[in-house]
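Shown next, in structure tokens, is the structure this report addresses.
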Amino acid sequence: MVKSGVENIGKLPELKKKLLWTFGLLAFYRIGIHIPVPGIDATALAEFFESTKNTLFGLFDMFSGGGLSNMSIFALGIMPYISASIILQLLTVVSPELARLSKEEGAAGRKKITQYTRYGTVLITIVQGLGIAVGLEAMSSPTGLPVVLDPGWAFRLMTIITLTAGTILIMWIGEQMTERGLGNGISLIIFAGIVANLPRALINTMKLVSAGELSLLVLILLLAVMAAVLGFIVFMERGQRRVPIQYAKRMHGRKMYGGQSTHLPLRVNTAGVIPPIFASSILMFPATLANFSKAEWLQTMSSYFQPTSVVYNVLFVAMVVFFCYFYTAIIFDPAGIADNLRKSGGFVPGIRPGAKTKEYIDRVLARITLWGSLYISAICVLPMLLIANFGLPFYFGGTSLLIVVGVAMDFMSQLESYLISRQYEGLMEKAGRIKGRR
């Protein structure tokens, strides 16, 4: 009888080594979060970020694991790398050269695209580093304390060099985790940054209960809602539409090949967490600009784009739906799938191979993407409704919940696959020994 995976972890030295690499590099990353950029007044910076939770700064701070609010060497987090990756994916659609690299040249082409992504990351980091340095010089706390102790080009160059080096180091950590550890390194870095805020959220919740601002009944209701949301996310992330595929029988010599049945899994949420990230970034931009300007019209516009406002949530849902379709169209190629099925003798029962199969897959994908976009919108809007109408301290927004659940499921899936493959190899070795004795 095959034992459970947890019991077998201790018996696999290679798996233990991978887990040590993963958690060791994550610990190294969390240490770097607390190393500040030189020339910053920590007190003034903390006061400033306390007043900008619902702006783009708060969103970026979430993805940097608190590095931006600390203005650490890892302040930009992994966002420049993600931005560069998304830009390369978009360019792959419009550039024949990049399309050829990604599709025709296999591993060598993907390696070249990864190299371009690294160059793009450095370029984006330099530009963002300069923008942050200039922005820091213009910042002051609500009490009037300047954030930068000694503004000027010396501070700007130091900030650019420090942030660029920090982002390159995070990029290296992510790649090492992917290569030597278990799971996707970039996703795990974002996951660690979000989960690191959990103790603070629990402490703040207990303080509210102790002060009588949050009743025990409301706290139980909050925990029940969070459990239901997490369960719903797991259910939807596993949801897929299985398109049946049949392979025709073919004669090769005297033997018959083919005639197999399988399926093409189409995920309900093909786009992942990219749509809410894009939508949040765009809609939080007016509130972010309002922190740098005292213009009355900008302050008025910013008030309409607060995450708890009706205007914000209506536009947010519309943009999530748009980006779900847009990003799914980029990463999923129905024409290529239909062509590969035709070449390998596969077909959807009742659908002609080629163009008709492509149209059918397009139609099915469009329908399930609609439900996927509505699911993402509901998960992301629900926390804002709880805050606005009930005053509940829902610290983890929908985007962070999606990331946490998605990364955790992917990590456990890879761990399970690794254990199953090793158990299978062990069974094959035992079978070989038994056959040899016979």
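Brief remarks on what is shown
- Matching option when the condition is of a type in the set (A, V, I, L, M, F, W, C), modelled with pLDDT under 75 and farther than 23 Å from residue 183 by Cα, among 45, 98, 56: 56
- Qualifying residue in region 324-334 (condition: on the phi > 0 side of the Ramachandran plot and of a type outside the set (Val, Ile, Thr)): no
- Within region 311-331, residues that are free of Cβ contacts under 8 Å to residues at least 12 places away in the same chain have Cβ atoms under 6 Å from residues that are assigned to a helix (DSSP H, G or I) in these pairs: 311/304, counting only partners at least 6 apart in sequence or on another chain.
- Selection from region 345-363 of residues that are touching a Pro at 6+ places or on another chain (Cβ under 9 Å) and not small (Gly, Ala, Ser): 347, 348, 349, 357, 358, 359, 360, 361, 362
- The conditions of being at pLDDT below 70 and not in a loop (DSSP other than H, G, I, E, B) are not met by residue 221.
- Only listed residue being out of contact with any Ser or Thr (no Cβ under 6 Å at 6 or more places or on another chain), of a type outside the set (Asp, Glu), surrounded by 13 or more Cβ atoms within 10 Å (Cβ to Cβ) and not assigned by TED's automatic domain parsing to the domain that holds residue 33, chosen from 157, 208: 208
For (1) touching a residue at least 40 places away in the same chain (Cβ under 8 Å); (2) β-branched (Val, Ile, Thr), each residue gets a yes or a no:
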site: 158; (1), (2): yes, no
site: 162; (1), (2): yes, yes
site: 168; (1), (2): yes, yes
site: 177; (1), (2): yes, no
site: 203; (1), (2): no, yes
site: 224; (1), (2): no, no
site: 233; (1), (2): yes, yes
site: 245; (1), (2): yes, yes
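- Residue list for region 160-175, filter: surrounded by fewer than 19 Cβ atoms within 10 Å (Cβ to Cβ) and either at pLDDT 90 or above or not in a helix (DSSP H, G or I) (or both): 161, 165, 168, 169, 172
- Consider region 339-350 and keep the residues that are touching a strand residue (DSSP E or B) at 6+ places or on another chain (Cβ under 9 Å) and closer than 20 Å to residue 241 by Cβ. The one that is surrounded by the fewest Cβ atoms within 10 Å (Cβ to Cβ) is 349.
- Residue in region 388-396 that is in a helix (DSSP H, G or I) and either modelled with pLDDT of 85 or more or not aromatic (Phe, Trp, Tyr) (or both) present: yes
- Residue ID - surrounded by the fewest Cβ atoms within 10 Å (Cβ to Cβ), chosen from residues in region 176-205 that are of a type in the set (D, E, K, R) and either at pLDDT 85 or above or closer than 30 Å to residue 418 by Cβ (or both): 179
- Which numbered condition residue 349 misses (of (1) over 30 Å from residue 404 (Cβ atoms); (2) in a helix (DSSP H, G or I); (3) not hydrophobic (A, V, I, L, M, F, W, C)): (2)
- Index of the failed condition, residue 374 passing every other in (1) modelled with pLDDT of 75 or more; (2) outside the structural domain of residue 238 (by TED's automatic domain parsing); (3) over 22 Å from residue 263 (Cα atoms): (2)
- Test for residue 108: is it closer than 14 Å to residue 40 by Cβ, in the same structural domain as residue 38 (by TED's automatic domain parsing) and in contact with a Leu (Cβ under 9 Å, 6 or more places away or on another chain): no
The values are calculated or read from the model by the stated rules, or taken from the named source; none is laboratory data. It should be emphasised that the depicted structure is a prediction, and the values quoted were computed from it without experimental measurement. Positions of Cβ are backbone-derived with ideal geometry, glycine not excepted, and every protein chain shown enters the neighbour counts.
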